[in-house]
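Trainee: Handing you a structure now.
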Amino acid sequence: MPAISDTVVERVRVLRQQIDRHNQLYYVLNQTAISDAEYDRLWVELQDLERDFPSLATPASPTQRVGATPHTALGSVSHTVPMLSLDKARTELELRAFDQQVRDLLGVSDVAYAAEPKWDGLAVSLRYEGGELVRAATRGDGYTGEDITQNVRTIPTVPLRLRRGAWPTVLEVLGEVYMPRAGFEVLNRSGEKTFVNLRNAAAGSLRQLDPGVTARRPLRVVCHGIGSAGEGAYSTLMHQMAQWGLPVSSELAVVSGVEGCLAYYQALQERRTELGYDVDGVVFKVNDVLLQTRLGCTRTAPRWARAYKFPAEEVWSVVEHMEVQVGRTGALTPVARLRPVFVWGVTVSHATLHNEDEVRRKDVRIGDTVVVRRAGDVIPEIVSVIQARRGTDAAPFVFPTRCPVCGAEVVRPAGEAVARCSGGLICPAQRVAALCHFASRRALDIQGLGEKLAEQLVEKGLVQTVADLYDLTLTQWAGLERMGNQSARNLMEALARSKTTTLDRFLYALGIREVGEATASALARSFGDLMAIREASVETLQQVPDVGPVVAEAVASFFREEHHCTVLERLQKAGVTWPTPRKAEAAPLAGKIFVITGTLSSMTREEAKTRLQTLGAKVVGSVSATIDALIVGENPGSKLEKARALGRSILTEEDLPGLFGIETG
Ligand code: IVH
């Protein structure tokens with residue numbers, strides 16, 4: 001055994017002290033002073049030291065306990081069966097080691113696992129006697145928890161009495177109390193109280209001395225365990241519990257072996273942000289309850305279960321600077337420049353705060369430590385400020401009254417969340433943004449025209465409106481910075497190609513406020529030609545599916561502007577053209593919905609999309625049961641699996657000519 005130096009002893013003492021303090025904050029006071037990642041680092045360091053120097057391990061170490069000593073204000077409850085914790089696999093390798101250990105201990109070659117989300121909430125136990133809910137308790141330190149019976153009784157999905165059935169006289173179930181994201185957002189906006197994240201909100205709402213407060217909070221429960229399980233399959237037990245009226249997960253699946261576990265993990269991670277509640281990983285449990293009993297438990301956790309966490313979805317960073325960006329419609333968006341953090345495979349250096357009210361509500365200041373979250377593919381946003389880390393000199397952010405780019409007045413109509421620069425097209429920022437949007441992939445798809453180039457064009461006064469793009473000469477293009485003759489020629493070719501488009505794309509490219517891709521398509525389909533849209537009244541526009549009064553007004557007011565109409569006419573004069581969308585019944589692919597994935601060799605995905613749209617088809621981004629077919633190119637990725645699972649037809653590039661109605665060979 002290695003010799004123990006004073007430094008090691010001291011380090012272990014400091015780590016224990018820190019972990020105890022953070023446990024106390026987290027479990028008892030519902031506060032957070034470090035990120036999950038930092039906490040995990042402390043924990044792992046302590047665990048490693050205790051493993052290397054076993055003589056330092058003591059039963060009082062936080063690694064040997066499951067939670068924290070409970071709050072004293074609520075009554076305490078001792079658990080008849082201790083509420084254990086879960087061991088974690090941090091890597092795929094560790095998960096494989098878990099499966100190996102299970103198989104070795106049981107002496108079998110294959111194991112079926114029940115897989116379900118790991119909810120990020122609060123563990124509770126619910127006790128039913130004679131079918132009636134008699135007690136609910138928090139986990140506490142695993143042996144003694146807090147009595148939260150009155151609070152849990154206010155959660156609508158918890159049955160106070162089990163439905164008819166052969167339930168045991170005494171039934172103790174384990175579950176998780178959590179808060180769905182939608183409810184959390186409403187709660188945080190209500191101003192009653194601001195929570196750092198969903199878990200804190202759930203904990204703070206549940207552990208109230210006044211159950212009346214809990215009753216007003218949007219809490220849910222999901223059950224994931226049973227006190228004394230007997231025999232059978234875990235999945236069957238869960239099904240049984242659902243029949244008694246207890247909420248169980250709709251995501252529960254039985255998978256085969258570690259490969260099945262990994263596939264489930266992958267699939268759930270992809271849908272993570274669509275679930276509507278926070279899931280921080282997956283829990284795998286040996287499905288056969290008899291085998292669970294044979295495997296038993298360690299002091300702190302069952303040997304038959306493992307948690308495998310997803311990579312963090314929330315990270316912490318520091319706000320270095322705050323600024324306001326001006327968008328294409330003049331909307332001012334406050335953006336925080338962050339101390340760069342490498343996460344989600346990219347370096348995150350800024351996060352949005354959406355609008356003025358959000359900055360005020362979240363009270364974000366320069367120098368603040370903030371929780372940053374990325375939901376799906378969208379830009380990271382600031383969720384909240386860690387108040388405990390705020391310095392004394394942090395000054396509140398002052399929203400500008402003049403546009404930071406052109407100096408025009410900032411206007412914010414009463415009742416609207418968005419403040420806008422009133423400079424219109426004289427504002428260079430709006431012109432640059434309008435150009436970028438016009439040229440973007442889903443609009444006219446002018447390859448090579450990005451933000452840097454757009455800035456130069458506006459700065460040098462070469463382009464006032466998008467129509468000017470088509471008037472620039474080769475010499476003018478080639479005269480721009482970082483543009484050689486060849487790139488200039490490429491750009492002119494891209495511009496020439498962009499002239500043949502569809503009405504859908506053209507309408508979208510104009511950047512009319514409130515008109516996204518879907519609305520542009522709906523307008524194109526309903527009216528068939530641009531003139532009809534230009535002349536339509538607000539009432540007529542509202543006849544279009546999904547067009548309400550706000551969108552209709554935005555469209556009508558866009559075409560009321562003289563200078564917009566001049567731009568349209570100049571674009572058409574420059575040769576921008578599109579086929580008249582065929583009347584719905586005449587279009588050969590009308591009503592068909594496609595998804596395109598992977599790399600095509602004979603054309604870009606955008607080109608394929610345009611052609612399909614021209615034939616009346618709809619092209620959407622994600623695979624669901626409503627699509628007709630998935631068109632796959634090289635390296636298709638997960639969409640292919642999903643389409644197969646849903647039984648959708650799969651087409652390859654070779655099927656395209658047939659779809660387009662082109663005779664071949
Ligand atoms: S099973 C014997 N299943 O995670 C312990 N726990 O980190 C059985 N948790 O204390 C726990 N989702 O509160 C189980 N699907 C799930 C879970 C889950 C979340 C919580 C639970 C546990 C903690 C351990």
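The values are calculated or read from the model by the stated rules, or taken from the named source; none is laboratory data. Everything numeric here is computed off the predicted structure, so don't read it as measured data. Because the Cβ atoms are built from the backbone with ideal geometry, glycine has one as well, and the counts that use them run over all protein chains shown. Heads up: the accessible areas ignore ligands, DNA and RNA and are worked out on the full protein's heavy atoms, side chains in. Shrake-Rupley method; radii C 1.70, N 1.55, O 1.52, S 1.80 Å.
Trainee: Mind counting the residues in region 480-508 that are in a loop (DSSP other than H, G, I, E, B) and surrounded by 14 or more Cβ atoms within 10 Å (Cβ to Cβ)?
Mentor: Result for region 480-508: 5.
Trainee: Also: From 323, 358, which residue is among the charged types (D, E, K, R), more than 30 Å from residue 113 (Cα to Cα), away from the ligand (no atom under 16 Å from the Cβ) and surrounded by fewer than 16 Cβ atoms within 10 Å (Cβ to Cβ)?
Mentor: When all the criteria are applied, what remains is 323.
Trainee: Related question: Tell me the residue from 116, 176 that is within 16 Å of the ligand (Cβ to nearest atom), at pLDDT 90 or above, touching a Ser or Thr at 6+ places or on another chain (Cβ under 6 Å) and among the charged types (D, E, K, R), please.
Mentor: Matching residue, one of 116, 176: 116.
Trainee: For residues in region 196-230 being open to solvent by 20 Å² or more (accessible area, probe 1.4 Å) and of a type in the set (A, V, I, L, M, F, W, C), which is nearest to residue 295 (Cα to Cα)?
Mentor: Checked region 196-230; the qualifying residue nearest to residue 295 (Cα to Cα) is 229.
Trainee: So which residues in region 619-635 are open to solvent by 70 Å² or more (accessible area, probe 1.4 Å) and either among the small types (Gly, Ala, Ser) or at pLDDT below 85 (or both), if there are any at all?
Mentor: 622
One line per residue, one yes/no per condition, for (1) closer than 12 Å to residue 178 by Cα; (2) in a loop (DSSP other than H, G, I, E, B):
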residue	(1), (2)
204	yes, no
212	no, no
217	yes, yes
222	yes, no
225	no, no
235	no, no
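Trainee: Additional query: If residue 511 satisfies every condition in (1) farther than 25 Å from residue 590 by Cα; (2) under 36 Å from the mean Cα position of the chain (by Cα); (3) open to solvent by 60 Å² or more (accessible area, probe 1.4 Å) but one, which is the exception?
Mentor: Result: residue 511 fails condition (3) only.
Trainee: Just one of (1) crowded, with 20+ Cβ neighbours inside 10 Å; (2) within 16 Å of the ligand (Cβ to nearest atom); (3) modelled with pLDDT under 90 trips up residue 90, so point out which.
Mentor: Every condition holds for residue 90 apart from (1).
Trainee: Then there is this: For region 517-560, what are the residues that are exposed (fewer than 12 other Cβ atoms within 10 Å of the Cβ) and within 20 Å of residue 425 (Cα to Cα)?
Mentor: Within region 517-560, 560 is the sole residue that qualifies.
Trainee: Among (1) of a type in the set (D, E, K, R); (2) within 22 Å of the chain's Cα centre (by Cα); (3) open to solvent by less than 30 Å² (accessible area, probe 1.4 Å), which single condition is residue 609 missing?
Mentor: Looking at each condition in turn, residue 609 falls short on (2).
Trainee: Now a separate question. Taking region 294-305 as the region of interest, how many residues are part of a helix (DSSP H, G or I) and either within 13 Å of the ligand (Cβ to nearest atom) or surrounded by 17 or more Cβ atoms within 10 Å (Cβ to Cβ) (or both)?
Mentor: Count: 1.
Trainee: Determine the pairs where a residue that is under 27 Å from residue 174 (Cα atoms), located within region 86-107, has a partner that is open to solvent by 60 Å² or more (accessible area, probe 1.4 Å) and among the acidic types (Asp, Glu) with Cβ atoms under 9 Å apart, the partner being 6 or more residues away or on another chain.
Mentor: Matching pairs, first to second residue: 88/94; 103/110.
Trainee: Turning to a different aspect of this structure: Given the criterion within 12 Å of the ligand (Cβ to nearest atom), closer than 22 Å to residue 384 by Cα and of a type in the set (Ser, Thr, Tyr), identify the matching residue among 308, 277.
Mentor: Selected residue: 277, the only one of 308, 277 that is within 12 Å of the ligand (Cβ to nearest atom), closer than 22 Å to residue 384 by Cα and of a type in the set (Ser, Thr, Tyr).
Trainee: Now for a separate question. Of the residues in region 59-84, how many are modelled with pLDDT of 80 or more and open to solvent by 30 Å² or more (accessible area, probe 1.4 Å)?
Mentor: Residues flagged as modelled with pLDDT of 80 or more and open to solvent by 30 Å² or more (accessible area, probe 1.4 Å) within region 59-84 amount to 7.
Trainee: Considering only residues of region 257-287 that are part of a strand (DSSP E or B) and among the β-branched types (Val, Ile, Thr), which is modelled with the lowest pLDDT?
Mentor: In this case the residue turns out to be 279.
Trainee: Right, something else. So, residue 243, is that one over 24 Å from the mean Cα position of the chain (by Cα) and either away from the ligand (no atom under 15 Å from the Cβ) or open to solvent by 60 Å² or more (accessible area, probe 1.4 Å) (or both) or not?
Mentor: Yes, satisfied.
Trainee: In region 119-134, what residues are among the charged types (D, E, K, R), more than 8 Å from the ligand (Cβ to nearest atom) and touching a Phe, Trp or Tyr at 6+ places or on another chain (Cβ under 9 Å)?
Mentor: Residues satisfying the conditions do not exist here.
Trainee: On to the next question. With respect to residue 260, determine if the residue is crowded, with 17+ Cβ neighbours inside 10 Å and under 30 Å from residue 218 (Cβ atoms).
Mentor: no
Trainee: Would you point out the residue of region 147-173, among those that are in contact with a Leu (Cβ under 6 Å, 6 or more places away or on another chain) and more than 13 Å from residue 211 (Cβ to Cβ), that is farthest from the ligand (Cβ to nearest atom)?
Mentor: Across region 147-173, the extreme among qualifying residues is 160.
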